[in-house]
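One structure below.
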Amino acid sequence: MLINFKLIIIVLFIGLTSCNNKSNSQNKTMKKFEWRPTANAPKNYPAEIISGNFYLEDSTSVYIPSGHALISGWGNTGARHIVGEDFKAIPNKFDIKWVSYLEQKFYGGTFKLPKDKILNIFEEGFIGLSGEKETFTNIVLGLAPGGVIVIWLNGNKSVEIGRFNAKEIEVTKEEFIPNAVLSVKEFVQESREDFINEDIKGAIDPDNIPFGLWNNYSTNTYNYKTIFSLKSKGSFSDIYLHYINGENFFTVANNPELKEYKLSALPLRTAIYWEDENKNVYGSKLDFNEDEVKKAFEAINNTSENKKIDLVFEVDKYNGNIEILLKSDTDSYKLEKTKIKIFETTK
């Protein structure tokens with residue numbers, strides 16, 4: 001009997017040692033990256049996070065900054081808190097609770113993340129403004145009306161990695177506004193009135209929220225690439241592309257990725273920098289008209305789901321104007337409602 005007891009102890013010890021070695025081995029091989037969590041809401045549709053966390057592969061968690069209004073705009077970074085280790089494992093899920101002020105509703109839930117996809121994107125990286133390979137520095141969570149959640153990896157490039165739909169929930173006063181005199185309902189109503197200023201009234205109808213719009217931004221994609229040309233001698237240096245679904249890209253003009261056709265959301269704004277033959281440096285900021293761009297892409301794409309489309313920016317020989325064309329192998333549309341600002345600058 002004593003012998004059997006000793007044998008059991010030995011087996012248990014070996015098993016525990018094996019598990020610890022396996023755990024230590026996993027921790028040593030688990031890849032970590034330097035990133036921080038942050039959040040946003042669409043412009044003119046303010047929200048506020050009550051609580052939220054990313055849960056990581058190594059069983060730790062990182063909280064998502066909360067307790068302030070999200071007003072930075074769709075896809076943009078918001079508040080970032082420097083806590084814990086700089087290098088962290090990949091998150092495999094997250095939970096979130098937030099208030100959508102114009103709706104006067106609370107949303108929340110727990111969601112599984114595509115960790116393999118996230119890891120691949122982190123590892124692949126991109127060519128940024130340095131001309132060298134870079135990787136992402138933020139995991140950005142976007143909260144839109146109707147409970148829409150979008151997650152991006154963000155740095156000098158921003159890539160959408162997932163969309164989720166939260167459910168409407170109830171929130172207690174203790175977890176939202178424990179020290180307030182007002183009730184939760186009264187607090188949200190008063191906050192909504194404070195948010196609806198003249199700027200918001202001039203931009204949207206607060207009582208008619210376009211539910212589904214932010215999902216459409218992500219799903220309405222076209223197979224296109226950007227082409228930049230100069231009518232005089234010179235060369236482009238830096239390019240900034242910002243898409244309507246919150247994705248963006250700051251990179252050098254000779255990045256091979258710019259020459260590839262790929263499914264992308266509609267363009268929202270672009271910035272271009274170039275040098276002419278006299279070494280004068282120019283920059284241009286271009287803001288697209290959403291309705292014009294949408295109609296042009298729909299028209300040129302016609303019945304083909306993956307028609308190759310060129311979005312062409314052609315700078316005139318005086319560096320004073322940029323013609324913007326949407327072209328396929330059979331059609332061409334000139335975009336005339338884009339707001340274009342050209343200026344001299346320095347490197």
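Being surrounded by 17 or more Cβ atoms within 10 Å (Cβ to Cβ), in the same structural domain as Thr110 (by TED's automatic domain parsing) and at negative phi holds for only one residue in Leu241, Leu153, and it is Leu153. Within the stretch 83-98, the set of residues being under 20 Å from the mean Cα position of the chain (by Cα) and more than 15 Å from Phe164 (Cα to Cα) comprises Lys88, Ala89, Ile90, Pro91.
Only residues that are in contact with a helix residue (DSSP H, G or I) (Cβ under 9 Å, 6 or more places away or on another chain), part of a strand (DSSP E or B) and among the β-branched types (Val, Ile, Thr) were counted across the stretch 297-347, and they come to 1.
When each of Thr330, Thr270 is tested for being in the same structural domain as Phe236 (by TED's automatic domain parsing) and either touching a residue at least 24 places away in the same chain (Cβ under 8 Å) or in contact with an Asp or Glu (Cβ under 9 Å, 6 or more places away or on another chain) (or both), the lone residue that passes is Thr270. Considering only residues in the stretch 89-107 that are among the charged types (D, E, K, R) and more than 13 Å from Ala144 (Cβ to Cβ), the one that is surrounded by the fewest Cβ atoms within 10 Å (Cβ to Cβ) turns out to be Lys93. Looking only at the stretch 204-228, which residues are of a type outside the set (Val, Ile, Thr), surrounded by fewer than 19 Cβ atoms within 10 Å (Cβ to Cβ) and farther than 23 Å from Phe126 by Cα? Within the stretch 204-228, Asp205, Pro206, Asp207, Asn208, Pro210, Phe211, Gly212, Leu213, Asn215, Asn216, Asn220 qualify.
The values are calculated or read from the model by the stated rules, or taken from the named source; none is laboratory data. Predicted, not measured: the structure shown is a model, and the values here were computed from it. Positions of Cβ are backbone-derived with ideal geometry, glycine not excepted, and every protein chain shown enters the neighbour counts.
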